[in-house]
Amino acid sequence: MNSITSFAKTTLMLGALTGLFLGVGYMIGGQSGALIALGLAAIMNFGMFWFSGSMVLKMQGAQPLDTKHFGYVRDMVTELAQADNLPMPKLYFVDTGAECLCYGPIAQARCCGCHARYYRAA
């Protein structure tokens, strides 16, 4: 997805939430309620737009990627970023405890250690 489309979707979502805040604020307190709701929406939208990524990383307990053991991941992302002329993103590791991406009883029965292919130690 290109960045303009992503930016437009984010802007549309934040605008819709602001409109919802304004409507509820107006129903509760008239014009002054709508003005207060507009101020709260502005503060919340600013926080969501600029700080949501770091908040999610903190909630998940993400740690910067250890390139000593997972250097191949950094190399792969660097290659992809350069191929599309994108800046190199920060890489984080989230320990979910899952060893495999196989879900359901049939998939788990067929799972033959797929985690070994993706989580190899350097």
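The values are calculated or read from the model by the stated rules, or taken from the named source; none is laboratory data. Just so we're clear, the structure is a prediction, and the values are computed from it rather than from any experiment. All Cβ positions, even for glycine, are placed from backbone atoms using ideal geometry, and neighbour counts span all protein chains on display.
Scanning the stretch 4-25 for residues that are among the aromatic types (Phe, Trp, Tyr) and more than 19 Å from Leu38 (Cβ to Cβ) yields one hit, Phe7.
Every condition in (1) touching a Leu at 6+ places or on another chain (Cβ under 9 Å); (2) over 30 Å from Ala8 (Cα atoms) holds for Ala41 except the one numbered (2).
Criterion first (of a type outside the set (Gly, Ala, Ser) and in contact with a Phe, Trp or Tyr (Cβ under 8 Å, 6 or more places away or on another chain)) does Asp66 satisfy it? Step through it out loud before you land on a result.
Details: of a type outside the set (Gly, Ala, Ser): yes; in contact with a Phe, Trp or Tyr (Cβ under 8 Å, 6 or more places away or on another chain): yes.
Yes: the conditions hold for Asp66.
Taking the stretch 21-80 as the range and being part of a helix (DSSP H, G or I) and either touching a strand residue (DSSP E or B) at 6+ places or on another chain (Cβ under 7 Å) or among the acidic types (Asp, Glu) (or both) as the test, the residues that pass are Leu57, Asp75, Glu79. When restricted to residues that are over 30 Å from Leu22 (Cβ atoms), surrounded by fewer than 11 Cβ atoms within 10 Å (Cβ to Cβ) and not polar (S, T, N, Q), the stretch 59-88 contains 6.
Which is within 30 Å of Thr11 (Cβ to Cβ) and either at pLDDT 85 or above or acidic (Asp, Glu) (or both), of Asp84, Asp75, Asp95? Give the derivation first.
Numbers: Asp75 fails: within 30 Å of Thr11 (Cβ to Cβ); Asp95 fails: within 30 Å of Thr11 (Cβ to Cβ).
Matching residue, one of Asp84, Asp75, Asp95: Asp84.
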